[in-house]
Each structure stands twice: as C-alpha cells, then as structure tokens.
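The next block holds one structure in the form of structure tokens; read it before the comments.
No value in this document is a laboratory result; all are computed from the given coordinates. These figures come from a predicted structure and were not determined experimentally. Here the Cβ is made from the backbone with ideal geometry for all residues, glycine too, and neighbour counts use every protein chain on show.
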Amino acid sequence: MKKRIAFFQDNLSAGGIQKSLFNLLRNLDYDRVDVTLFLFQEGCFFTGSLPEELTVHQLTPPPRICSFMPFDTARKFWHHDWEQYGEFDLAADFNSYQFSCACGALGVRAKRRVMWIHNNVEIKRHNEWKYRVLWHFFEGKLKYYDCFIPCSRALWKPFCNVSGMEGHDHIVIQNYIDVPEIRAKESEPVDVPELNEHNMNFVALGRLAHQKGYDIMIELFAEACRQRDDLRLYIIGGGMERRKLGQQAQQQAPGKIIFLGDRSNPYAILARMDAFLSTSRYEGQPLNLEEARAIGLPLYCTKNLEQYSEDLTGFEREELLHAIVAAKKQPKHPDDLTDYNREILERIYALIP
C-alpha cells in the first residue's frame, strides 16, 4: 500500500523554496507514494507541469493577523476541517515561515510531522527585523514537530542556537535539482541583451534582496572591470532592491552589468554564459550553484558559501577579485548530479514511518 505524504507550502511563485519543492514533486516515485500538496496562494511561476498523480488543494489563507499572534492562540482563532483529508503517514511544513503551513502540517492527522529549515535563521533574525517579529510569534510551533529537515549541515547549529531544540531529531536533505528539465530548457532560444561572445560573461541568479549580497557583487565586479574591460555581468532575478542595485551598477560599472529580471527559463541564459558568480551573505543551500554546476559553469563564489553546499570551493574577497580578473573561457563540464539526487530521494522516503 502506498504511503501518504502531505506537503504544505504557501505558494509556487518565483523563489528558491518554491523551486526546490516544484523539482521534488516532479521527481517523486508516485508508484511508491501518494502525495497531496496544500497551497494558500494561486498561480505557479515555473514552466512545466506537476504530475497528474499529485493531488493539489488550494485553500483560503487564514487572516493575516494570525501571523502576529502566539501560535497556540492563532490555532484556536482559525478553524479548518483538516479531518476531511484523512490520515497521512508524513505531514511536511515545507515553507517553515507561514502560520498557514504550520497549522496545516500540525492540524492534519499524521503519523509523523516534519518542518524544513531553508535558511540560517540566526543570521536572518539578526539582519531582518520583520523576521524577528514573526519568530517571536511562531516559535511556539516548534515543539510540535517530530523532526526538522535542514537543507544543509550549516543550518542546524544556528537553528538550535535560537530555538533551544538541541538534541531534537533532524536529518539533512539538500534541494533536489531537476537535471532533465535543465537539459531540455538550456538549448531553447533566448534573447540576452548586449551579449557578446568575445566578452568574459558572468551570470548571477536569485532574488534581488539583501541576503543575496548583490551590493557586494557589484562593488567587487566594478573593481574587476577597472582592471579588465571585457568583463560583463548578467543578473537574473527580481526583487525589492532592483532600483537601488541598478543605481549602484550605473555609478560603479556603467554598461558592464545588465539586469535581466525574472525569467521562467534561466537555464537557456546560463548555458550561454562563461561563469557563475555568487556573493550571498548567507544561504540555506544555494539551489542556483547546483543548477550552474549541472550546466557545467565554473563557479566563482565567496568563501562563506562553502558551508552551505557540498564540494564547493570559495574565495576570500581579494582572492575572488583576482580570480574574476584572471578568468578565461573554458569548456563546460556538465554534472548530471545522479548520486546527489538519488541520496535526496532516499532520505525523503526514509522520513516516512
């Protein structure tokens, strides 16, 4: 008999958490598991379809005020008939931030309840006052989960430091990378403004947010451009810092940095680039680095990211600057990530009682 899994996620809009779940849902063995996805916002940013075997329930989100109430109080305030969905073997709060997802994962009948950890919550709480407020109200939910799922080894200790959950059951499960999707999309036609194959073309991918360190990247790249005129940087992604970063790029490296906005198919752009660049302040597990690795792009990233991704070699700031200045075009060596993805699925199935 198939095991039943329920995933709870707020939305499938553009974002690393959403993409990670989308990849996973498309690659589970539906002969082995019966999967239900609960969403609280409509729409899907990603191209491609979810499996026909997947059951999707679109629910009305709870009132926003619930996010600013102690968790146990908010659960009493918002009522939903979770009994109608029957019993699951595993209920997973894949989001880990939203009250609605926690309420669902802890509200349905389930033999085991787990919560994903997607970020270094200690640094996030320090840097983002809004997250500190949310944590204050939702930390009461943590005691109800049977197991936590950090998506890199570096996330567990910071989580314990702020949650007091040392000794609690946990297992590291990295983000699944849908390599066949990447292979299918990387050869699609795409318009990349001002792309010149004679330049040394770097690419970055991700939300334009403080966490991703694009201000650091622009400053560093501008310094490299003063030493070498043929460098170009293409940034894929949208976000609240777009205007500020655009102004910084225009001031520090005019004509050298091109913002491409959100793209439903970033892989066709990555495949036309020469190298991948990342200077994030902190991560959960950087999905974009694994996608670049799958395409075969050389990785240029800061030293701090090594702890969030297996088999990654980063650079200190001055080393990274010198590496960018000295960068040369080289043949790509795509990685099919077979062992990487197999281990992820094995650990997912091992969660099910």
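Summary table below
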{"item": "Whole-number percent relative contact order across segment 180-326, with pairs defined as alpha carbons under 8 Å at least 6 apart", "result": "28"}
{"item": "Gaussian network model of the chain, springs between alpha carbon atoms under 10 Å - residue of N175, N304, N196 with greatest fluctuation", "result": "N196"}
{"item": "Order of T36, T313, T279 - criterion: other Cβ atoms within 10 Å of each residue's Cβ, fewest first", "result": "T313, T36, T279"}
{"item": "Acute angle (nearest 10 degrees) that the helix 242-252 long axis makes with the longest principal axis of the chain, alpha-carbon atoms", "result": "20"}
{"item": "Per-residue ³J(HN,Hα) for segment 273-281, Karplus 6.51 cos²θ - 1.76 cosθ + 1.60, θ = phi - 60°, Hz, x for Gly and Pro", "result": "9, 9, 6, 10, 10, 9, 9, 4, 5"}
{"item": "Other-chain or far-sequence residues with amide H under 5 Å of G239's (modelled H)", "result": "L208"}
{"item": "Cross-link table K19/K130; K76/K111; K130/K303; K303/K332; K76/K141; K130/K185, entries beyond 25 Å C-alpha to C-alpha", "result": "K130/K303; K130/K185"}
{"item": "Cα-based reach from K329 at 20 Å (exclusive), listing lysines while leaving out same-chain residues under 8 positions away", "result": "K256"}
{"item": "Other-chain or far-sequence residues with amide H under 5 Å of H170's (modelled H)", "result": "F148"}
{"item": "Kirkwood Rh (inverse of mean 1/r, distinct Cα pairs), segment 183-250, angstrom", "result": "13.4"}
{"item": "The chain: most fluctuating residue of Y267, Y234, Y131 per GNM, C-alpha cutoff 10 Å", "result": "Y131"}
{"item": "Estimated [θ] at 222 nm from DSSP helical runs (n ≥ 4, -39500 (n - 2.57)) normalised by residues in the chain, nearest 500", "result": "-9500 deg cm²/dmol"}
{"item": "Sum of side-chain charges, I218 neighbourhood, beta-carbon under 11 Å (Lys, Arg +1; Asp, Glu -1)", "result": "-2"}
{"item": "Contact order normalised by residue count of the chain, Cα under 8 Å, 6+ apart, percent", "result": "15"}
{"item": "Most mobile of E188, E122, E310 in a GNM of the chain (Cα contacts under 10 Å)", "result": "E188"}
{"item": "Nearest 10 degrees, 0 to 90: helix 317-326 Cα axis against the chain principal axis", "result": "50"}
{"item": "Computed over the chain, Kirkwood Rh from alpha-carbon pairs, angstrom", "result": "21.4"}
{"item": "Segment 180-326 - Debye-derived log10 I(q)/I(0), Cα point model, q = 0.11, 0.14, 0.17 Å⁻¹", "result": "-0.37, -0.61, -0.94"}
